[in-house]
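The values are calculated or read from the model by the stated rules, or taken from the named source; none is laboratory data. Because the structure is a prediction, the values reported are computed rather than measured. We place every Cβ from the backbone using ideal geometry, glycine too, and count neighbours over all the protein chains shown.
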Amino acid sequence: MVAISSEGGMSIRDVGMVYRRGEQVTTALVGCNLEIPAGNWASLIGASGCGKSTLLRILADIVKPTSGTALIGGVSPAEARAARTYALVSQQSTMLPWRKILANVELGLEVAGVDKADRRRRAEEAIELVGLKGFEQAFPSELSGGMRQRAAIARALTLKPRFLLMDEPFGALDEITREKLNFELLRILKETSATLLLVTHSISEAIILSDTVAVMSPRPGRISHRVEIGFGHDRTADMRDDPQFAAYEAELRHALHGPAPTARPAVHTASTYATA
Amino acid sequence: MSSITVADAGSAEDTGRSETPGFRLPLGLILPPVLFTVALIAIWAALSAAGIIPRYILPSPEAIFNEFIKNYSVLTKHALYTISEALAGFVIGNCAAVLMAIVFSYSGLLKDAFYPFALISRAIPIIAFTPLLVIVLGRGLPPVIAVVSISVYFPAFLNMIRGLASADVDYHEMMHTLSASRWQRLRIVDWPASIPYLFAALKVSASAAFIGAIVAEWIGANKGLGYLVVISGQYFKLPTLWAAIIVAAGLTLILLAIVVLVERMLHRWTATATDL
């Protein structure tokens, strides 16, 4: 193998994903390559079903690619998971309904075997950071969807992860709440030094929260464009009024909807002609 | 009807706490059944006094009431016997069911082997095994407790197998990314998720426990309410027979009420089942 250059970052190298069900072969991902240097913020953007979540789930060691390599901090996703170097925030809040917010935020530390006093302190810090102070003793059902996602982010932060994997974290929220939380997350990211991979289907969310936006095309899922967002990490909410923001938006919109990609069949049925 | 609540819409960022339901029972809910019962007893007393209901089938309410006062010590003695059998069987059967369901949730092979048997066992009348159990265990407490244990075992076992597998896959993915052990997943996710299923079974087996004990006593014991029913029937002591039936019904209701009360006390700390 070629020497690994991005020791501290995340890399996806020639990753492919093929599902077989009997005779039917579905190609979900082909030849995906993405290097995210340490400390960088990256987004995967694309339409539903383009495989962006699958790529993230490969890095989170939830699914294994059928070809290629994924590395997170220079090691395999399975090793990274065992070492607890990354944290995942998914679209649906995974707050256990029978635990209060504090106990839910403490969960990662509890599983990692951190002692009670220490995990209480760290959970309270994280809850304050995401702006949920005062809701420690509430049950998840007593909070709005946006507040539950804040709590999910707090849980991810308690583990002080080097890598944050976020799978459409605000995808189930309305536009107004979502934009508010985008800037909240931006503030939080500036306080950590985590490397971020965000999966989203919102162009503005991708620009606000990324240094690099990778655009994915469906059938079969692949990375078709890369757009570098040159705002640096000192960005503020004012960036939305920057003409450059609109320019990035247009560029990404064209990359997503532009000239239709040449149709490549996603489903090959070996017996199509034989049985006709 | 104002069926839309802002807090649950998942859209608003700031939300009020939803109100927890109280334990108050409105008078309007208690009064109708109480009045109906009183009316029923009055009609019964009138029909009995007029000689329309034969005394060898149903004695007057007064005769049964007098039986309670006169034979208080006899009824208590037999009731205590039945209570100890039913409760011992209830505890033994349910504990065994929960432990076995947990063991089986670890081992797919064991579960696959035993589960069909457990399903079929619903069709087997456990009571029919009482004579066999008497041969093996002798007359008295042991065969009756065995019948009760077996009859409460299967509902709890089947429901716990379902309940322990009921937690959402998202929770398991979250626990997986946190590198949780199998034991941690059981304790933190599967066990709380299974509790509503357990209580559904306990509510069924609360009545099954007393029915099992009483019927088993007909065959396998010379003490207990079941024995009292048989003996007083044979000697046409109808007030005693009816008093025994009323005591048995009352005991069943008390056990059911205890189960419901415990469930309500715990409901915040467990999943809420919507399909039970």
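Beta carbons closer than 6 Å, at least 6 apart along the sequence or on distinct chains, pair a first residue in segment A:140-164 that is touching a residue at least 40 places away in the same chain (Cβ under 8 Å) and within 11 Å of chain B (Cβ to nearest Cβ) with a second that is in a helix (DSSP H, G or I) and of a type in the set (Val, Ile, Thr) for A:Arg155/A:Val105.
When segment A:203-233 is filtered for residues that are farther than 17 Å from A:Asn33 by Cα and free of Cβ contacts under 8 Å to residues at least 40 places away in the same chain, the ones remaining, listed by number, are A:Ile208, A:Ile229, A:Gly230, A:Phe231, A:Gly232. B:Leu80 meets the conditions (1) over 15 Å from B:Glu217 (Cβ atoms); (2) aliphatic (A, V, I, L, M); (3) surrounded by fewer than 19 Cβ atoms within 10 Å (Cβ to Cβ) in every case but one. The failed one is (1). Residues in segment A:52-92 that are under 19 Å from A:Leu159 (Cβ atoms), in contact with a Pro (Cβ under 7 Å, 6 or more places away or on another chain) and more than 8 Å from chain B (Cβ to nearest Cβ): A:Leu59, A:Thr85, A:Val89. Going by the conditions given, is B:Thr252 within 14 Å of chain A (Cβ to nearest Cβ), of a type outside the set (Gly, Ala, Ser) and surrounded by fewer than 21 Cβ atoms within 10 Å (Cβ to Cβ)? No; evaluated as a whole, the condition is false for this residue. Can you find a residue in segment A:176-186 that is assigned by TED's automatic domain parsing to the domain that holds A:Ser67 and either within 24 Å of B:Ser179 (Cβ to Cβ) or hydroxyl-bearing (Ser, Thr, Tyr) (or both)? So far as segment A:176-186 goes, yes, one or more of its residues are assigned by TED's automatic domain parsing to the domain that holds A:Ser67 and either within 24 Å of B:Ser179 (Cβ to Cβ) or hydroxyl-bearing (Ser, Thr, Tyr) (or both).
Do the conditions hold for B:Ser194, that is, is it assigned to a loop (DSSP other than H, G, I, E, B) and farther than 23 Å from B:Pro143 by Cβ? Judged against the criteria, B:Ser194 is not a match.
Which residue, of A:Asp115, A:Asp61, A:Asp14, is more than 30 Å from A:Gly232 (Cβ to Cβ), charged (D, E, K, R) and touching a strand residue (DSSP E or B) at 6+ places or on another chain (Cβ under 8 Å)?
Every option except A:Asp14 fails the conditions.
In segment B:183-190 there is no residue that is aromatic (Phe, Trp, Tyr) and touching a residue at least 12 places away in the same chain (Cβ under 8 Å). Going by what's in this entry, would B:Leu178 be described as modelled with pLDDT of 90 or more, within 14 Å of chain A (Cβ to nearest Cβ) and either under 30 Å from A:Ala151 (Cα atoms) or surrounded by fewer than 22 Cβ atoms within 10 Å (Cβ to Cβ) (or both)? Against the criterion (modelled with pLDDT of 90 or more, within 14 Å of chain A (Cβ to nearest Cβ) and either under 30 Å from A:Ala151 (Cα atoms) or surrounded by fewer than 22 Cβ atoms within 10 Å (Cβ to Cβ) (or both)), B:Leu178 qualifies. Taking segment A:93-114 as the range and being more than 10 Å from chain B (Cβ to nearest Cβ) and under 15 Å from B:Ser179 (Cα atoms) as the test, the residues that pass are A:Glu106, A:Val114.
So is A:Ser93 of a type in the set (Ser, Thr, Tyr), modelled with pLDDT under 90 and more than 18 Å from B:Asp170 (Cβ to Cβ) or not?
Spelling it out, it is not the case that A:Ser93 is of a type in the set (Ser, Thr, Tyr), modelled with pLDDT under 90 and more than 18 Å from B:Asp170 (Cβ to Cβ).
Would you call B:Ser179 closer than 30 Å to A:Gln137 by Cβ, of a type in the set (Gly, Ala, Ser) and touching a Lys or Arg at 6+ places or on another chain (Cβ under 7 Å)? In short, yes. Scanning segment B:164-173 for residues that are in contact (Cβ under 8 Å) with a residue 40 or more places away in the chain and either crowded, with 22+ Cβ neighbours inside 10 Å or in a helix (DSSP H, G or I) (or both) yields one hit, B:Leu164.
Per-residue answers, yes or no, for (1) buried (at least 23 other Cβ atoms within 10 Å of the Cβ); (2) farther than 22 Å from B:Leu133 by Cα; (3) of a type in the set (S, T, N, Q):
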{"residue": "B:Phe157", "(1), (2), (3)": "yes, no, no"}
{"residue": "B:Trp183", "(1), (2), (3)": "no, yes, no"}
{"residue": "B:Pro192", "(1), (2), (3)": "no, yes, no"}
{"residue": "B:Pro196", "(1), (2), (3)": "no, yes, no"}
{"residue": "B:Val204", "(1), (2), (3)": "no, yes, no"}
{"residue": "B:Glu217", "(1), (2), (3)": "yes, no, no"}
{"residue": "B:Val230", "(1), (2), (3)": "no, no, no"}
